[in-house]
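Presented below is the structure to which this report refers.
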Amino acid sequence: MSKSAKFIRLRPPVSSPWMLMIPLLLLVAFMAAQGLGADLIWYDELTSISHAGGVTGPFSPLDVIESVSQHSPKHTPLFFELVAGWGALVGWHHVVLRCLPLFFGIISLAWTYRIGVDFFDRWTGLWSAAFLGLNVFWLDYLHEIRMYSLQFMLLMALAWHYFFLTRSSRRGRWHHWAGLALGAAALLYTQPFTIFYLLALGSYHLLFIRRNRVWVQVAFAMVVAGLLFLPWLPVTLHGMSSKFDTAYDAITLAQAMDIFVRFLGNGNWIILIVVMSAALLRSRQRIELKRIFPFLWLAVAVLVLLLAANEAIGLILLRRSRYFFVTWSMWIIAVGYGLAWFKPRWIALLILTAYLVSGFALRRADDYLEYQGTVGIVSAYPPLAEYVDALQGKTEAHDYVLGFTRTDFVNARGKRGKSTADYYMETLLGIDGVFAPSYYDAETLAIDLPRKLDDQPFLLFAYDPLAPPKNLALVDDYLRRSYRPCDVVIDGADLYVRRYIDKALACDHEYQPIHYENGIRIADKFAEIRGDGDSVRVVTGWEVADAALLEAFNVSIQIITSGWANVGQAPDRHLYDDVLKWYVVDLPIADLAPGDYRVVVIVYDRHRASAKVTGRDLTTGETGTILPVFNFTVEERDG
């Protein structure tokens, strides 16, 4: 190719392509929207929500940056920043959060169409957009809270700006140059693998664009993009060096090529061969070759760079086949270019129909989900979204859901220490919860259930009565040893929920909170004499308005006489030391002399024990630094 490629005049906009695009956009939106609420979030979506502040937030933009840099340094923050803003605007339900990537996907189609129309013809634009929009693998990521539809949108937008500035006869204005520089920077801040696309673009620019003022301006815009990314570069380098864990099971070259062809072709490599052959036939004329060559160069160069990097250091796992999206953008244009060669037009339509049918068959393949990470395991989760809907308005502030699951992965803690179960129970329902594996036997339950329940005194025991778990009776028996069954909250065809409460309490127990002046709160407090009067079990539930309080204050649970003498106490604990949420202590009383006693709670500055914090018992109205939890009397013992 000559370095002095002629400028190509952009084709004037016409209205008819939009008339053809509208049904396509509606069809793609309809197909993608089927997945918005079809399944629960999977682990990577939990990561996105966590970094955006949806489970431990809300997060400011700086909080998002800190979260990504500390917990996911291999990622970049732009998508999570957008999710944070979107969640703050519309809420944190997974259905509305998934609308954001769907929006990016629809805009991706618009940019794809625009490239085809502006640099080729309206049919190239339409068929390119259709080929992308009907790809089932890509459609799946239009309803996932992940960055790949944003990445694709930016890839297409950057390509349009670059070719407009280097191949159009029209003079670029300031917003075109801003679009080029900011688009390249935004790509880097969206997904690190876009560096391969930018390197391919750079190779084309160096080898095939005439060195004139535009050449220099484009190079300068890319330098600006690099400078904009410079603040994040140390994080990326740290992530690549300290958390580089893919090399040992990265896919081989043969696997990589199979994945690329299989998913780009919707499971049918013959279709790819047919349309690419048509593209080569169309480009036989010199003018046509000049038009399509830049896109073919980028398509091949990005793919070669990614494959070479994977061979050299191992980047791509089978379950992360989505990384190939960065290679698709220019291949999509080349495919549309080939489809536009067919006349009459119904031939291209027939090919696209076969392509769509093949895609549906691909989605039903037994191994399809193996290429998408942990998505498949979601089918073994309990119906968490249905739990949230059914329990809305029926819970108390300190209830704790206990349900069943066919996989313990639903309780697996993510990047911010919260699980998928936490997202549905805490973020969406407003209470805590955990799910016991339905395959646990009595021995395993005896070990795992106490850890899962973590001394929670107020349970909502939930299960499906139509498909009860095998260990339902075992769990129920375990609960009845320490809890009192109370009212039935839901008695539905597919969901039964019953309230269980700590045996020390009556079913009509009302919370007895204490609020301290520094923002520390006791959500509830109670105690009971255990056994034959050998000890008193004290339960307090703790909350803090600011996490910084955890480091600053200690808790002391004591037994005092009517004359305020301290006759027993639990070891003082820092608030951060396993006190939240429910703190349970057993205080021995077997050796106490007969008389009246009180169990009291004290909060004090950990660096200055005499600096006690004043609190107010909201039940009794009592205010002070030493507040009662429980009164009891030790009687005279016989003999």
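The values are calculated or read from the model by the stated rules, or taken from the named source; none is laboratory data. What you see is a predicted model, and the numbers here were worked out from it, not measured in a lab. Methodologically, a virtual Cβ is constructed for each residue, glycine included, from the backbone with ideal geometry; neighbour enumeration extends over all protein chains shown.
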Practice task
Filter the stretch 80-102 for residues that are of a type in the set (A, V, I, L, M, F, W, C) and touching a residue at least 12 places away in the same chain (Cβ under 8 Å) and give the result.
Solution key: 80, 82, 83, 84, 86, 88, 92, 95, 97, 99, 100, 102
Completion exercise
In the set 415, 394, the lone residue that is crowded, with 18+ Cβ neighbours inside 10 Å and not assigned by TED's automatic domain parsing to the domain that holds residue 57 is 415
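Yes/no per residue for (1) without any contact (Cβ under 8 Å) to a residue 40 or more places away in the chain; (2) touching a Leu at 6+ places or on another chain (Cβ under 9 Å):
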{"residue": "260", "(1), (2)": "no, yes"}
{"residue": "269", "(1), (2)": "yes, no"}
{"residue": "284", "(1), (2)": "yes, no"}
{"residue": "287", "(1), (2)": "yes, no"}
{"residue": "294", "(1), (2)": "no, no"}
{"residue": "308", "(1), (2)": "yes, no"}
Exercise for the section: Kindly establish whether residue 345 is closer than 23 Å to residue 159 by Cα, surrounded by fewer than 21 Cβ atoms within 10 Å (Cβ to Cβ) and assigned by TED's automatic domain parsing to the domain that holds residue 162. Expected result: no
Handout entry: Extreme residue, farthest from the chain's Cα centre (by Cα), among residues of the stretch 63-97 that are buried (at least 21 other Cβ atoms within 10 Å of the Cβ) and more than 23 Å from residue 192 (Cβ to Cβ)
Key = 87
Exercise for the section: Report yes if residue 81 is more than 15 Å from residue 415 (Cβ to Cβ) and among the acidic types (Asp, Glu), otherwise no. Expected result: yes
Exercise for the section: Scan the stretch 555-571 and give yes if some residue there is surrounded by 13 or more Cβ atoms within 10 Å (Cβ to Cβ), part of a loop (DSSP other than H, G, I, E, B) and touching a Lys or Arg at 6+ places or on another chain (Cβ under 9 Å), otherwise no. Expected result: no
Problem - Among the residues listed as 56, 76, the single one being over 19 Å from residue 101 (Cβ atoms), among the β-branched types (Val, Ile, Thr) and assigned to a loop (DSSP other than H, G, I, E, B) - result: 56
Practice task
For the stretch 525-554, name all the residues that are under 25 Å from residue 591 (Cβ atoms), surrounded by 17 or more Cβ atoms within 10 Å (Cβ to Cβ) and of a type in the set (A, V, I, L, M, F, W, C).
Solution key: 526, 527, 536, 538, 539
Fill in the blank from the handout: Across (1) surrounded by 19 or more Cβ atoms within 10 Å (Cβ to Cβ); (2) more than 23 Å from the chain's Cα centre (by Cα); (3) of a type outside the set (Gly, Ala, Ser), residue 401 clears everything bar (2)
Handout entry: Residue match in the stretch 574-583 (condition: within 42 Å of the chain's Cα centre (by Cα), of a type in the set (Ser, Thr, Tyr) and more than 19 Å from residue 505 (Cβ to Cβ))
Key = yes
Problem - Condition met for residue 528 (under 40 Å from the mean Cα position of the chain (by Cα) and assigned by TED's automatic domain parsing to the domain that holds residue 610) - result: no
Practice task
Please verify whether the stretch 355-371 includes one or more residues that are touching a Ser or Thr at 6+ places or on another chain (Cβ under 7 Å) and surrounded by 14 or more Cβ atoms within 10 Å (Cβ to Cβ).
Solution key: yes
Exercise for the section: Could you identify the single residue in 274, 216, 235, 261 that is more than 19 Å from residue 334 (Cβ to Cβ), assigned by TED's automatic domain parsing to the domain that holds residue 161 and surrounded by 13 or more Cβ atoms within 10 Å (Cβ to Cβ)? Expected result: 235
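Whether any residue in the stretch 449-460 is within 23 Å of residue 504 (Cα to Cα) and either among the polar types (S, T, N, Q) or not assigned by TED's automatic domain parsing to the domain that holds residue 387 (or both) is what I want to check.
yes
With the condition kept exactly as written, say whether any residue in the stretch 399-412 is in a loop (DSSP other than H, G, I, E, B), of a type outside the set (Phe, Trp, Tyr), assigned by TED's automatic domain parsing to the domain that holds residue 435 and free of Cβ contacts under 8 Å to residues at least 12 places away in the same chain. Steps first, answer last, please.
As a first pass, look at the stretch 399-412 and keep what is in a loop (DSSP other than H, G, I, E, B): 399, 406-407, 412.
From the residues that got through so far, the ones that are of a type outside the set (Phe, Trp, Tyr) too are 399, 406-407, 412.
When the remaining residues are screened for being assigned by TED's automatic domain parsing to the domain that holds residue 435, the result is 399, 406-407, 412.
After this cut, where a residue has to be free of Cβ contacts under 8 Å to residues at least 12 places away in the same chain as well, the list is none.
So far as the stretch 399-412 goes, no, none of its residues is in a loop (DSSP other than H, G, I, E, B), of a type outside the set (Phe, Trp, Tyr), assigned by TED's automatic domain parsing to the domain that holds residue 435 and free of Cβ contacts under 8 Å to residues at least 12 places away in the same chain.
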Exercise for the section: Please give the strands (runs of 3 or more DSSP E) falling wholly within the stretch 588-639 in which 1 or more residues are buried (at least 17 other Cβ atoms within 10 Å of the Cβ) and of a type in the set (Asp, Glu). Expected result: 615-617
